[in-house]
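Student: One structure coming up, written as structure tokens, with questions to follow.
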Amino acid sequence: MNAPAAKLSPSDNIPTVNTGAHAPGAFRNEPFINFHDAANRRAMEEALERVRERLGHEYPIVIGGERIKTQEKIASRNPAWPSVIVGIHQEPDLAHAEQAVQAALAAFPAWSAKPMVERAELLLRSAAILRKRKFEFCAWLIVEVGKNWAEADADVGETIDFLEFYAREAMKLDAATTPPIQFPGERNQLRYIPLGVGAVIPPWNFPLAIMAGMTMAAIVCGNTVVLKPSVDAPTIAAHFYALLEEAGLSEGVVNLCAGSGPVFGNALVEHPQVRFISFTGSKKVGLEIHEKAARRREGQIFIKRTVLELGGKDAIIVDVDCDIDAAIEGVVASAFGFSGQKCSACSRAIVDEHIYDEFLERLVEKARAIRIGDPAENFYMGPVISETAYRRVLDYITVGKTEGRLVLGGEAVNCGGGYYIAPTIFADVAPTARIAQEEIFGPVLAVIKSSGFAESLHIANDTEYGLTGAVYSQSRDRLEWAGDEFHVGNLYFNRKCTGAMVGAHPFGGFNMSGTDSKAGGADYLLLFTQAKSIAEKIGTAPDADNQCKGL
Ligand code: NAD
């Protein structure tokens, strides 16, 4: 399939919004909800109440606009109350994978031929609707994946940011049809055209922002997709899909099938007509996808593109002359916010030996004060996502007990049958220990003693990952040094290593952390396009003899 040449009228203008009160203009990050405000607290509680009344509903898969139910079902559960079913979903099989790819192929010609501004307006309309229904989407995030109120709000806010940001970036890309150099005697154009049909495979942990960001970046460029959300968070994806329909999504542009990764996801990855795979998730699955996508299948006429954003083993360096209070606050927030279930979470604190004892003592004191409980009641730390995750984290804690000195936590917390694990800190961990090298994806922090800044940097870089990192220091020289030598995709100075903001902190990692896609950055949309150069002879070049030279 070849993408038709887009007939777009390039424009620098930001598209107008047809719905919603938000006036388009320069991009601005969505403000966070102030939950100290009584009206906002009441709105959140009411939204949770309304969502509780809708728990346990059944959701279809949607292929080419058709709602389909399957024999096999998937139950999504509240990790704080595992007996509570949040939503019943379908379990699509290989025939559905084929049907979904064909629906995306059928929708591609009309969708890719639409002017960019129309596609961008879909994103802006979706943002406007989401903005009005913020509390409701926060409530779904709270009950389906166990985010507390602020974490849920950050997920919804980031989704709005992605929609607003990519709409504007798409218009810039549309306007960038002229290469900076015009060859004498020619009219030269460069058009960014879509790739075709893609598979979008997001993780469960930012089940709205990452799922929506990956999907909408792909479709705003004119691609059509099969979206396979995680089986741990399919309800949020179903509600976002319904929102897209309300915003005017055309049938077949996004085909929604939450299904098993190894079966349904794999079928998409291997399908000979799927041109790109946009994946965010674990290193293990990402590498498998990379390998499978590289193998040519019968009937495949293109090289598949993979966009892979994977795990991390993120470190915060605590330098000898830092503001210790700020460092402790940053480490605690980065390590235990959302129970350490962020790819950007701090799982290693590398601390200068001169302040090690004081830092450790005060860190433990601060982390001990963390309140654990049902995120619906807005406790700081909720459960981990599933029984599988719970067992994996507890296994790592058992390993940690042989590798370091347990100074906090180290056990499950009994609370309503949910998958709760206490904030856990191991001190005196060797940089090469398993708990200092492998991604745990839970509330477990390894504290490592360092003899000075050079060694801290060496330890920080000495894993196979390279996603985020932070340095707390008051030395301009050492911050500059880290800027040059701390090898991560997202580096922060004197602030936590989580909480990337769309636009300001384009996000993506080095090494085994991914292909450095920089989601929320100006380059991201290019990953979902291919550039077509068109040269038209309109006169005689002054040095026409030389035109036979070159590629
Ligand atoms: P995961 O790798 O288990 O699953 C991710 C997605 O892949 C899910 O939709 C899953 O169903 C699907 N999948 C699983 N096996 C598959 C297969 N064989 N073929 C195709 N698809 C398959 O990850 P997860 O538990 O959902 O998410 C946590 C991981 O994601 C962590 O490692 C975390 O660091 C990473 N993550 C990375 C980023 C980033 O931007 N770098 C952001 C968020 C999460």
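Student: Could you tell me whether residue 136 is closer than 30 Å to residue 375 by Cβ, open to solvent by less than 20 Å² (accessible area, probe 1.4 Å) and of a type in the set (D, E, K, R)?
Tutor: No: the conditions fail for residue 136.
Student: If you check 84, 101, which single one turns out to be touching a Leu at 6+ places or on another chain (Cβ under 9 Å) and open to solvent by 30 Å² or more (accessible area, probe 1.4 Å)?
Tutor: 84
Student: Among (1) under 23 Å from residue 115 (Cβ atoms); (2) open to solvent by 10 Å² or more (accessible area, probe 1.4 Å); (3) of a type outside the set (A, V, I, L, M); (4) touching a residue at least 12 places away in the same chain (Cβ under 8 Å), there is one condition residue 245 misses while meeting the rest; what is its number?
Tutor: That leaves (4) as the condition not met.
Rundown of residues vs (1) among the small types (Gly, Ala, Ser); (2) modelled with pLDDT of 95 or more, yes/no style:
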site: 23; (1), (2): yes, no
site: 27; (1), (2): no, yes
site: 31; (1), (2): no, yes
site: 34; (1), (2): no, yes
site: 51; (1), (2): no, yes
site: 56; (1), (2): yes, yes
site: 80; (1), (2): yes, yes
site: 93; (1), (2): no, yes
site: 96; (1), (2): no, yes
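Student: Also, quick follow-up: Scan region 226-241 and tell me whether some residue there is assigned to a loop (DSSP other than H, G, I, E, B) and either more than 9 Å from the ligand (Cβ to nearest atom) or over 27 Å from residue 146 (Cβ atoms) (or both).
Tutor: There is no residue in region 226-241 that is assigned to a loop (DSSP other than H, G, I, E, B) and either more than 9 Å from the ligand (Cβ to nearest atom) or over 27 Å from residue 146 (Cβ atoms) (or both).
Student: Can you pull out every residue in region 434-455 that is open to solvent by less than 10 Å² (accessible area, probe 1.4 Å) and of a type in the set (A, V, I, L, M, F, W, C)?
Tutor: 435, 436, 440, 444, 445, 446, 447, 448
Student: Among the residues of region 205-224, write down those that are in contact with a helix residue (DSSP H, G or I) (Cβ under 6 Å, 6 or more places away or on another chain) and either open to solvent by 10 Å² or more (accessible area, probe 1.4 Å) or hydroxyl-bearing (Ser, Thr, Tyr) (or both).
Tutor: The answer is 206, 224.
Student: Out of the residues in region 248-271 meeting the condition of being more than 16 Å from the ligand (Cβ to nearest atom) and open to solvent by less than 30 Å² (accessible area, probe 1.4 Å), tell me which one is nearest to residue 125 (Cα to Cα).
Tutor: In this case the residue turns out to be 249.
Student: Still on this structure, please answer the following. When you go through (1) away from the ligand (no atom under 15 Å from the Cβ); (2) assigned to a helix (DSSP H, G or I); (3) touching a helix residue (DSSP H, G or I) at 6+ places or on another chain (Cβ under 8 Å); (4) of a type outside the set (A, V, I, L, M, F, W, C) one by one for residue 245, which number turns out not to apply?
Tutor: Exception for residue 245: condition (3).
Student: Taking residue 274, is it within 16 Å of the ligand (Cβ to nearest atom), open to solvent by less than 50 Å² (accessible area, probe 1.4 Å) and in a loop (DSSP other than H, G, I, E, B)?
Tutor: Yes; evaluated as a whole, the condition is true for this residue.
Student: Among the residues in region 456-468, are any touching a residue at least 24 places away in the same chain (Cβ under 8 Å), open to solvent by 30 Å² or more (accessible area, probe 1.4 Å) and closer than 28 Å to residue 153 by Cβ?
Tutor: Checking region 456-468: not a single residue is touching a residue at least 24 places away in the same chain (Cβ under 8 Å), open to solvent by 30 Å² or more (accessible area, probe 1.4 Å) and closer than 28 Å to residue 153 by Cβ.
Student: Right, another one. Look at region 323-362 and say how many of its residues are in a strand (DSSP E or B) and either within 16 Å of the ligand (Cβ to nearest atom) or not assigned by TED's automatic domain parsing to the domain that holds residue 397 (or both).
Tutor: Count: 3.
Student: Looking at 316, 301, 289, can you tell me which residue is closer than 29 Å to residue 156 by Cβ and more than 10 Å from the ligand (Cβ to nearest atom)?
Tutor: So the residue among 316, 301, 289 that is closer than 29 Å to residue 156 by Cβ and more than 10 Å from the ligand (Cβ to nearest atom) is 316.
Student: Exactly one of these conditions fails for residue 231: (1) farther than 30 Å from residue 501 by Cβ; (2) open to solvent by 10 Å² or more (accessible area, probe 1.4 Å); (3) of a type in the set (A, V, I, L, M). Give me its number.
Tutor: The single condition residue 231 does not satisfy is (1).
Student: Do we have residue 406 as part of a strand (DSSP E or B) and within 16 Å of the ligand (Cβ to nearest atom) here?
Tutor: no
The values are calculated or read from the model by the stated rules, or taken from the named source; none is laboratory data. Because the structure is a prediction, the values reported are computed rather than measured. Reconstructed Cβ throughout: ideal geometry from the backbone, glycine too, with neighbour counts over all protein chains shown. Surface areas here come from the heavy atoms of the whole protein model, side chains and all, with no ligands, DNA or RNA. Shrake-Rupley method; radii C 1.70, N 1.55, O 1.52, S 1.80 Å.
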